[in-house]
1. Looking only at the stretch 71-90, count how many residues are outside any strand (DSSP E or B), surrounded by 11 or more Cβ atoms within 10 Å (Cβ to Cβ) and aliphatic (A, V, I, L, M).
2. So if I check each of Glu29, Glu127, which one is acidic (Asp, Glu), loosely packed, with under 13 Cβ neighbours inside 10 Å, in contact (Cβ under 8 Å) with a residue 12 or more places away in the chain and under 27 Å from Arg157 (Cβ atoms)?
3. For the stretch 42-67, give me each residue that is crowded, with 21+ Cβ neighbours inside 10 Å, charged (D, E, K, R) and in a helix (DSSP H, G or I).
4. Tell me whether the stretch 95-114 contains one or more residues that are within 15 Å of the chain's Cα centre (by Cα) and in a helix (DSSP H, G or I).
5. Mind listing just one residue for me: the one in the stretch 91-113 that is hydrophobic (A, V, I, L, M, F, W, C) and surrounded by 13 or more Cβ atoms within 10 Å (Cβ to Cβ) and, of those, nearest to Ala54 (Cα to Cα)?
6. Scan the stretch 23-41 and tell me whether some residue there is out of contact with any helix residue (DSSP H, G or I) (no Cβ under 8 Å at 6 or more places or on another chain), in a loop (DSSP other than H, G, I, E, B) and within 25 Å of Arg146 (Cβ to Cβ).
7. Which pairs turn up if I take residues in the stretch 188-210 that are free of Cβ contacts under 8 Å to residues at least 12 places away in the same chain and surrounded by fewer than 17 Cβ atoms within 10 Å (Cβ to Cβ) and look for partners that are part of a strand (DSSP E or B) and aliphatic (A, V, I, L, M) with beta carbon separation below 8 Å, at least 6 apart in sequence or on another chain?
8. Considering only residues that are part of a helix (DSSP H, G or I) and out of contact with any Phe, Trp or Tyr (no Cβ under 9 Å at 6 or more places or on another chain), look in the stretch 115-137 and name the one that is modelled with the lowest pLDDT.
Amino acid sequence: MSFAGLYELNDYEIANLYKEMAENFYEDELYKTVFPYKKSRRRLVKYFFKHYLAAIRPYSHFIADSKELHSVMVVYDTSLENAWKYHLRLFSLNMKMIPMLISTHSFQVIWHVIKCWDMFTSRWVKEFVTHESYHIDLMYTKKEDRKQGLAKMLITRVCEDAKEKGFDVTMETHHKDNLALYEETGFKLMSVITHDNYDLKQYCLLIRNE
C-alpha cells in the first residue's frame with residue numbers, strides 16, 4: 001500500500017469490517033431502498049457486506065485514518081484486477097445471496113431485492129475511464145467522529161496517490177448534500193443515474209489524471 005500516513009487494516013480487521021459497515025449503512029438511502037423492510041434489513045445488510053467485502057478484498061485497499069478506525073475507506077484498484085476472477089467472485093456473491101433471501105420466507109422481499117439489485121452497479125465507470133483507476137467503493141466515519149474532516153482527509157490522500165500514479169479516481173454518492181465536499185477535493189459530476197419508481201439518484205464523480 002502506498003497511501004502515505006494512512007493505516008492499513010489487518011486481516012482480522014478486514015474480516016470483521018462487515019459488522020461496522022452494516023451498522024453505518026443500515027439507515028443509508030441506498031440500503032433502505034434495496035432492503036426496505038426493517039424486520040429483515042439488518043440481517044440482510046450484514047450478510048451482504050460480509051460476502052461483498054470478501055469478494056472484492058483481493059482487488060482493494062482497506063484504509064483508515066488510524067488504527068482506531070474512526071474513518072474507514074475501501075478503495076478498488078484496477079491495477080490489482082483479474083477481470084474473470086473478479087466477475088466470478090461477484091457471481092459467487094450473487095449466488096450466496098439467494099439462500100439468505102429465501103430464509104426471509106417472503107416473496108415480497110425476494111422480488112424487491114432482485115428488482116433493485118442493479119442499484120449497486122458501478123458500470124458507469126467504464127463510460128469515462130479507459131486506464132488504471134481507483135474507485136472509492138465504500139467509506140464511513142463513525143457517528144461520534146463525524147464533522148472532524150476525517151473523510152475529506154482520506155479522500156485527499158487517495159487522490160494525491162492517484163495523481164502521482166496517473167490513475168483516475170471515481171466514486172458515487174446518493175447524497176446530493178455531499179457533492180460540495182467531493183467537488184472541493186477535485187471531483188467533477190459526470191452523470192446522474194435515476195431509477196424508475198424510486199426516489200433515489202446516484203451521482204457519479206470523477207477526477208482525471210492524464
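1. Adding up the residues that qualify gives 3.
2. Being acidic (Asp, Glu), loosely packed, with under 13 Cβ neighbours inside 10 Å, in contact (Cβ under 8 Å) with a residue 12 or more places away in the chain and under 27 Å from Arg157 (Cβ atoms) holds for just one of Glu29, Glu127, which is Glu127.
3. Hits for the stretch 42-67: nothing passes.
4. Within the stretch 95-114, the first condition is being within 15 Å of the chain's Cα centre (by Cα), and the residues that meet it are none.
No, there is no match, as no residue in the stretch 95-114 is within 15 Å of the chain's Cα centre (by Cα) and in a helix (DSSP H, G or I).
5. Leu93
6. For the stretch 23-41, residues out of contact with any helix residue (DSSP H, G or I) (no Cβ under 8 Å at 6 or more places or on another chain), in a loop (DSSP other than H, G, I, E, B) and within 25 Å of Arg146 (Cβ to Cβ): present.
7. Thr194/Leu200
8. Trp117
The values are calculated or read from the model by the stated rules, or taken from the named source; none is laboratory data. For clarity, every value in this text was computed on a predicted model and none was experimentally measured. Heads up, the Cβs are rebuilt from the backbone with ideal geometry, glycines too, and the neighbour counts pull from every protein chain shown.
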